[in-house]
Amino acid sequence: MTTPAATPARDSPAPPPARTLVTGGAGFIGSHLVERLLAAGDAVTVVDDFSTGRSDNLAAVAGHPSLSLVTGDLSATLTGSLASSTFDRVVHLAAAVGVQLVVDRPIECIETNVFQTAEMLRYCRTHGPGGGPATVLIASSSEVYGKSERTPFSEDDDVVYGPTTKARWSYAATKAIDEYLALAHHREHGLPAVIVRFFNTVGPRQVGDYGMVLPRFVELALEGKPLRVHGDGTQVRCFCDVRDVVPALHKLVGSTAFAGRVFNLGSDVEVTITNLARAVIAALGSRSIVEHVPYDQAFGPGFEDLRRRRPDLRRIQEAIAFTPTIPLDRTIRDIAEHIQTNQRGMPRPAGGRNAGSPTR
């Protein structure tokens, strides 16, 4: 008896690419994330008003068939060209950024951070697959911890802010409101929202225009100018390369298992700002010197800052096995190389919004 030949199984059709929206996608962190998402096969839509985002940040993926770029105000875009669009996931990086902007234009900072996030969350509730919710990652900041003296900062720690008469703390308050809103949408409407608190993300494409300390130091060191350290320089920070941060963002937004949770994201290796300046000078072989500038002179009378800012990384290590791998000296050299080859002679951006990097 002859056994009939088995019928070859038909190949299952490939799943459609994930549709991902990145706000502030032409900014520092956003552009690195866009490159990773495209490499993973996503269909990516970027919204950026280019107030701080730069078109050259997306040069490596310009013309990519799976990339759509929408230029304009985020609020107008959500009710305009993207009103009928749907997305599997959203990464909301657009924000007012930088200590200098907070000091100079606090109204813009407060309204941008709170209003745009509120509109983004409402949008995500009904613009996911089948008109349901989209998974959304909300970018927050280590600034949320305020001037708490706990070390290291854990996600469930209390937060401590200065008085409302100190505009310095308005940024922290806006990011805290963003978190409250996202968690409320998760509880009340089942929105799969995850929150990431960045701790001083650094790397190529970051600029020093808005108080971002490392690229500012690198720019000055390349020119042989003094590196101006605010205060006495003993304040402690932790710096994490964007190329370590972006894979973590991809994992966190890629699963609803992290919905309703808050994660610190950064390095826990501490360095004083004075030693950071010295590290830049040493890594670049610069002739620059370190100068200390009083806070009052840099930001005006009564400016307050946090002495030590270090994250507790246990939660994100348990969730996605996150471990930074890129050393600070490599980051410094790569920032310098990027500045020398891509940014010299380019005009400075004129705003402080939608850069996608709420760290300093």
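A few points about this structure:
- Label-point separation in nm, ALA184 to SER255, each point 7 Å along Cα→Cβ: 3.0
- For the residues ARG168, ARG54, ARG307, a GNM of the chain with alpha-carbon springs under 10 Å puts the largest fluctuation on ARG307.
- Extension reserve of the GLU318-THR164 stretch, reckoned as 0.36 nm per residue once the Cα distance is removed: 51.8 nm
- Here region 49-97 is described by how far its Cα atoms reach on the three principal axes: 29, 28, 18 Å, from widest to narrowest.
- Of TYR161, TYR295, TYR145, the sequence from fewest to most neighbouring Cβ atoms within 10 angstrom is TYR295, TYR161, TYR145.
- Taking 0.36 nm per residue of separation and subtracting the current Cα-Cα distance, fully stretching the chain between ALA60 and ARG105 would add 12.9 nm.
- The alpha carbon gyration tensor of region 263-350 gives principal lengths a ≥ b ≥ c with a/c of 1.5 or higher and a/b no greater than b/c, which makes the shape oblate.
- Here's how it looks for HIS230: its modeled amide H is under 5 Å from those of VAL293, which are all 5 or more places away or on a different chain.
- Charge tally in the Cβ shell below 15 Å around VAL91, where Lys, Arg are +1 and Asp, Glu are -1, VAL91 excluded: 0
- Nitroxide proxy distance, nm - points 7 Å out along Cα→Cβ at PHE115 and ALA76: 1.3
- Kirkwood hydrodynamic radius of the chain, from inverse mean 1/r over distinct Cα pairs, in Å: 21.0
- Approximate spin-label separation ARG150-ALA282, in nm, with each point projected 7 Å along Cα-to-Cβ: 3.3
- GNM result for the chain, Cα springs below 10 Å: residue of ASP56, ASP296, ASP42 fluctuating most strongly: ASP296
- Beta bridges by DSSP in the chain, antiparallel share as percent, to the nearest 5: 10
- Gaussian network model of the chain, Cα within-10 Å springs - most flexible of THR256, THR45, THR164: THR164
- Over the chain: helical MRE at 222 nm, DSSP H runs n ≥ 4 each giving -39500 (n - 2.57), nearest 500: -10500 deg cm²/dmol
- For region 178-323, the C-alpha radius of gyration sits at 1.23 times the compact-globule guess of 2.2 N^0.38 Å, with N the residue count.
Read-outs: derived from the displayed coordinates by stated rules, not from any lab. Keep in mind that what you see is a predicted model, and the values were worked out from it rather than measured. A quick note on method: Cβ atoms are made from the backbone with ideal geometry, for glycine too, and the neighbour counts reach across all protein chains shown.
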